[in-house]
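Below: one structure, written as structure tokens.
Readers should treat all values here as calculations from the given coordinates under stated rules, not as data from a laboratory. Keep in mind that this is a model prediction, so the values were computed, not measured. Because the Cβ atoms are built from the backbone with ideal geometry, glycine has one as well, and the counts that use them run over all protein chains shown.
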Amino acid sequence: MNRTDFGLSKETCDGVIFDLDGVITQTARVHAKAWKALFDNYLKNRAARENQEYIPFDEDKEYRTLVDGKPRHDGIESFLKSRGVDLPRGNPSDDQEKETIYGLGNKKNKIFQDYLQKHKPTVYEDTLSLMYEIKRQGWKIAVISASKNCIPVLEAVGISDWFDTVVDGVLSQELEIKGKPAPDIFLEAARRMEVTVERTAVFEDATAGVSAAKKGGFHRVIGVNRADNEAILKKAGADVVFSDLCEIRINDRLPVRKKEVASLPPALDHIQQILQQAKDRKIALFLDYDGTLTPIVNDPEKAFLDQSTRQTLEKVARKWVVAVISGRDLTAIQNFVKLDNVYYAGSHGFDISGPANLTLEMQKGKEFLPVLDKAQDQLEEKLTDVPGAAIERKQFSIAIHYRNVKQAQVTTVRQTVRQVQTGYPELRITEGKKVFELQPDIEWHKGKALTWLMEKLTLNLDTYYPMYIGDDITDEDAFESLKTIGTSIVVKGSFHPTSADFVLENTRETAAFLKNLFEKKER
């Protein structure tokens with residue numbers, strides 16, 4: 001299959017499964033080093049004890065062909081047998097120093113966990129960008145791993161709640177799922193996503209994983225070339241191999257290349273650079289509210305704006321065009337900000353108002369109100385028994401908050417939202433910080449609202465320089481709308497790949513940035 005012709009479409013595919021190590025995170029390198037530390041120590045001691053030649057573990061070839069992608073103990077057994085060593089299996093509780101398969105496995109796990117505590121895993125930005133596009137379009141998504149450390153790794157990089165299901169080494173042991181190259185772990189992920197294998201794609205970087213997915217009869221098996229082994233992955237059964245996942249079209253749309261938030265330059269240190277980009281133009285300032293102007297709180301009704309921040313905003317809005325674009329209802333965001341000289345876009349831009357009687361209420365959005373009412377009733381009924389789940393009805397959307405839901409029940413909330421949405425295909429699911437949202441499935445979002453405001457207020461680019469500050473996945477549409485024409489800034493808080501140009505640490509830095517930017521620009 002030709003790479004240039006390859007893409008995934010909802011016409012033929014419902015779900016996507018990603019392997020963890022080597023596809024999402026660069027923990028494969030960490031695992032390889034942990035395996036090398038384990039095997040080299042064991043082989044050296046064994047060679048000395050039996051007066052044999054010591055041959056160290058090859059963390060490239062032997063790791064890829066004998067260990068990578070397999071359950072921990074199968075990998076140990078596979079490697080040792082290749083060296084003519086036959087150890088007893090032992091028991092899961094074996095001490096790390098016991099010369100058994102389980103003993104060595106427990107020692108390897110300790111080496112890996114020690115590294116995890118000292119070093120945050122690195123994430124592949126091309127995979128993050130692709131997963132963001134897949135999530136944005138509402139596809140089901142799963143992660144699989146033979147590792148029992150899968151969830152700690154996902155939590156370490158901040159994406160543990162991105163997936164409809166996680167099938168890892170812990171679950172595999174509990175359910176006695178056969179390891180790769182058997183396809184069972186992929187089959188279980190598809191079953192839990194409630195999709196068929198014939199309509200599910202798999203992303204794998206290991207030959208054992210590619211071979212397993214091919215045996216499972218999945219719709220597409222995409223090899224991820226991280227170690228210059230394209231030929232090996234194709235031989236194992238990959239339909240197509242990519243080194244850069246941003247080259248894969250999802251419903252004829254290429255993922256927008258994004259970066260990790262941690263890699264962005266701090267906005268407070270680059271105010272002068274931003275002003276140089278604006279040159280002599282006026283600044284049009286667009287702002288998110290929750291997580292940007294005020295911290296995220298457990299009770300959304302208590303997200304009050306700090307008085308000093310309000311004073312700064314009021315001062316800025318006297319001379320600049322300032323708009324707040326929020327997922328909250330229009331009246332709610334107006335009541336929080338309480339400034340008459342600011343433009344407001346509520347419900348992610350479905351409802352807009354401002355000075356001089358500016359209004360835009362999406363007529364198309366009104367057509368969805370009866371459907372939203374029915375979906376709300378079903379959600380309230382189905383989530384009654386999930387402690388901490390909170391449903392917030394807005395005029396043009398329904399927010400399902402799970403910030404106070406125990407991690408073990410987040411999957412239940414996600415599955416419930418998907419079940420309800422399935423009954424109302426005219427609605428789409430979007431995600432934010434600890435929240436799912438059902439919205440009308442029409443081409444309208446914060447980026448569209450920003451563009452509409454610029455056109456309506458005649459904010460021509462030869463006179464105005466647009467800036468947007470936000471903190472969440474829902475702000476990415478606005479960031480993308482400003483590419484090449486303005487500056488976008490993300491406020492840290494949740495982990496997601498971003499199109500933003502700069503970063504702020506928290507809402508306090510947002511207030512400091514606005515104050516300093518305004519003072520320097522006006523001088």
For this session: Using Cα centres only, tell me the gap between the stretch 109-123 and the stretch 14-70 in whole Å.
Result: 15 Å
For this session: Alpha carbons only, please: Rg and Dmax for the stretch 366-440, in angstrom.
Result: 11.3, 36
Exercise. Once amide H atoms are placed 1.01 Å from N in the peptide plane, what residues at a sequence separation of 5 or more from Gly291, or on another chain, have their amide H within under 5 Å of its amide H?
Worked result: Ile296
For this session: Find out how many positive minus negative residues lie around Thr331, taking Lys and Arg as positive, Asp and Glu as negative, among other residues whose Cβ is under 11 Å from that of Thr331.
Result: 0
For this session: Return the calculated 222 nm mean residue ellipticity for the chain, to the nearest 500 deg cm²/dmol, obtained by summing -39500 (n - 2.57) across DSSP H runs with n ≥ 4 and dividing by the residue count.
Result: -12000 deg cm²/dmol
For this session: Search the structure for amide H atoms under 5 Å from the amide H of Lys148, placed 1.01 Å from N in the peptide plane, and list their residues when 5 or more places away or on another chain.
Result: Gly169
For this session: Please compute the net charge surrounding Leu264, taking Lys and Arg as +1 and Asp and Glu as -1 over other residues with Cβ under 10 Å from its Cβ.
Result: 0
Exercise. Which ³J(HN,Hα) values in Hz, rounded to whole numbers, follow from the phi angles of the stretch 436-448 under the Karplus curve 6.51 cos²θ - 1.76 cosθ + 1.60, where θ = phi - 60° and Gly and Pro get x?
Worked result: 9, 9, 9, 10, x, 7, 10, 6, 8, 7, 5, x, 5
Problem set entry | Amide hydrogen neighbours beyond the local backbone of Asp441, cut-off 5 Å, H modeled | Leu427, Arg428
Exercise. By how many degrees, between 0 and 90 and to the nearest 10, does the Cα long axis of helix 101-118 differ from the longest principal axis of the chain?
Worked result: 30 degrees
Problem set entry | the chain - Debye-derived log10 I(q)/I(0), Cα point model, q = 0.07, 0.11, 0.13 Å⁻¹ | -0.45, -0.99, -1.24
Exercise. Tell me, what HN-Hα J-couplings in whole Hz come from the Karplus equation 6.51 cos²θ - 1.76 cosθ + 1.60 at θ = phi - 60° for each residue of the stretch 126-135, using x for Gly and Pro?
Worked result: 5, 5, 4, 5, 5, 5, 4, 5, 5, 5
Exercise. Are any of the pairs Lys434/Lys492; Lys108/Lys259; Lys36/Lys81; Lys135/Lys374; Lys258/Lys366 more than 26 Å apart by Cα-Cα distance, and if so, which?
Worked result: Lys108/Lys259; Lys258/Lys366
Problem set entry | Euclidean distance of C-alpha centroids, the stretch 377-407 and the stretch 495-514, integer Å | 28 Å
Exercise. Residue-wise, which Karplus ³J(HN,Hα) couplings in Hz belong to the stretch 516-521, taking 6.51 cos²θ - 1.76 cosθ + 1.60, θ = phi - 60°, and x for glycine or proline?
Worked result: 5, 4, 5, 5, 5, 5
Exercise. Which loop GluC sites (Glu not before Pro) in the stretch 489-523, with loop taken from DSSP, have no more than 14 other Cβ atoms within 10 angstrom of their Cβ?
Worked result: Glu505
Exercise. What's the longest piece of the chain with no exposed chymotrypsin sites (Phe, Trp or Tyr not before Pro), counting a site as exposed if DSSP puts it in a loop and it has at most 12 other beta carbons within 10 Å?
Worked result: 55-303
Problem set entry | Charge tally in the Cβ shell below 14 Å around Leu379, where Lys, Arg are +1 and Asp, Glu are -1, Leu379 excluded | -1
